[in-house]
Amino acid sequence: MTRKGGTDSASHPGRTAPSVNGMTLDLTEPLPSFTLNNGVRMPALGLGVFQTPPEETVAAVSEALRIGYRHVDTAASYGNEREVGQALRESGLDRSEVFLETKLWISDYGYDEALHAFEKSAGKLGVDQIDLLLLHQPLTSDFERTIGAYQALETLLAEGKVRAIGVSNVMPDVLVRLLDETTVVPAVNQIEVHPYFSQPDVQEADAEHGILTQAWSPIGGITHYRGDIERSTLTDPVIGQIAAAHERTPAQVMLRWHLQRGRSVIPKSVRPERIAENADVFGFTLSDEELARIDALDTGVRGGPDPDTITLETFGREIPEA
Ligand SMILES: NC(=O)c1ccc[n+]([C@@H]2O[C@H](COP(=O)([O-])OP(=O)(O)OC[C@H]3O[C@@H](n4cnc5c(N)ncnc54)[C@H](OP(=O)(O)O)[C@@H]3O)[C@@H](O)[C@H]2O)c1
């Protein structure tokens, strides 16, 4: 394991995370969980598997479950739901012990299509019930299909086939339109949040409606993948100074920043040492000043695509049946 240092008891006054977005998290629990707006409990930290190749997914998820992760975030479009399900079955853990989160892709939007997409995802995962099902992107170019898909999620929730429903990459203006035309307030909005792009306006809109913000690319992964972005959160001097002060790694500092700010995190890694490092974030506390210094790194420039540019023409690939 590459994490540095031990329990940082000297700076342990914040037993409960400051709730800047309306969500509280008891960070003294061994596996802190958020209570979603419908009462369902979700472990605050999970393993993300975007860009984890199918052939590496069983090993990564198995290792995460072995060392104590109890939450995995996948998506129909990641092409690895089957392998996530295989790792879950091989873990020997009871189904109820692991929180499974997945997302429907835009090519499956529309009411009937989304109901069928649930069957595809559940079949690949090998489960009867999904803990949290999200719409991966709003399709603003065809909002009726987005609404139809969300209404299908509402049906699945009412039938008990999913325990909670939510959205991803939904900006405040789109959230208002969605809330106007649907009944169930999303439990989660999964959006790009890392020190270089933290979308405070989106977090505020989520909080106003009791929606938990979940950070994708929580350690800035989207900026590591893109060759045209020169700065890396992992080598940022401010984050480096804070990490050194706590004898932790930059990734651990970023993940702790999210948790103390009341956000769920789903860091991705295929490397056992990093999977362990990323989960070892409960033995130290960042000061208010350190949290504010990280907040101040926001550039307002997103690493991922603008959600408005996601259309069936640009990103509408088919999700296979099996
Ligand atoms: N809803 C959406 O539109 C959306 C978009 C993107 C991502 N997501 C979700 O969010 C999850 C996380 O986002 P992400 O994968 O983009 O980015 P991330 O978790 O911020 O970063 C992942 C990258 O950082 C590396 N890494 C992981 N731990 C590290 C550590 N401790 N030190 C140094 N490098 C480390 C990984 O490489 P190795 O694997 O080689 O360790 C990978 O290249 C995804 O897996 C997915 O579940 C959702």
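Filter region 265-299 for residues that are farther than 17 Å from Glu247 by Cα and more than 20 Å from the chain's Cα centre (by Cα) and give the result. Within region 265-299, Asp288, Glu289, Ala292, Arg293, Ala296, Leu297, Thr299 meet the criteria. One residue stands out in region 255-279 among those that are more than 10 Å from the ligand (Cβ to nearest atom) and in a loop (DSSP other than H, G, I, E, B): the one that is surrounded by the most Cβ atoms within 10 Å (Cβ to Cβ), namely Arg263.
May I ask you to verify whether Glu113 is crowded, with 22+ Cβ neighbours inside 10 Å and either assigned to a helix (DSSP H, G or I) or in contact with a Ser or Thr (Cβ under 7 Å, 6 or more places away or on another chain) (or both)? Against the criterion (crowded, with 22+ Cβ neighbours inside 10 Å and either assigned to a helix (DSSP H, G or I) or in contact with a Ser or Thr (Cβ under 7 Å, 6 or more places away or on another chain) (or both)), Glu113 does not qualify. The condition of being within 12 Å of the ligand (Cβ to nearest atom) and buried (at least 23 other Cβ atoms within 10 Å of the Cβ) holds for only one of Ile239, Ile211, that being Ile239. Within region 285-322, can you find the residues that are under 24 Å from Arg231 (Cα atoms) and part of a loop (DSSP other than H, G, I, E, B)? Those that are under 24 Å from Arg231 (Cα atoms) and part of a loop (DSSP other than H, G, I, E, B): Leu286, Ala296, Leu297, Asp298, Thr299, Gly300, Val301, Arg302, Gly303, Gly304, Pro305, Asp306. In the set Thr223, Thr213, only one residue is under 18 Å from the mean Cα position of the chain (by Cα), assigned to a strand (DSSP E or B) and of a type in the set (Ser, Thr, Tyr); that residue is Thr213. The residues on offer are Gly304, Gly283, and the sole one that is closer than 26 Å to Ala60 by Cα, modelled with pLDDT under 95 and away from the ligand (no atom under 15 Å from the Cβ) is Gly283. Would you confirm whether any residue within region 183-198 is surrounded by fewer than 21 Cβ atoms within 10 Å (Cβ to Cβ), in contact with a Leu (Cβ under 8 Å, 6 or more places away or on another chain) and outside any strand (DSSP E or B)? So far as region 183-198 goes, yes, one or more of its residues are surrounded by fewer than 21 Cβ atoms within 10 Å (Cβ to Cβ), in contact with a Leu (Cβ under 8 Å, 6 or more places away or on another chain) and outside any strand (DSSP E or B).
The values are calculated or read from the model by the stated rules, or taken from the named source; none is laboratory data. What you see is a predicted model, and the numbers here were worked out from it, not measured in a lab. Virtual Cβ from ideal backbone geometry, glycine too; neighbours counted across all protein chains shown.
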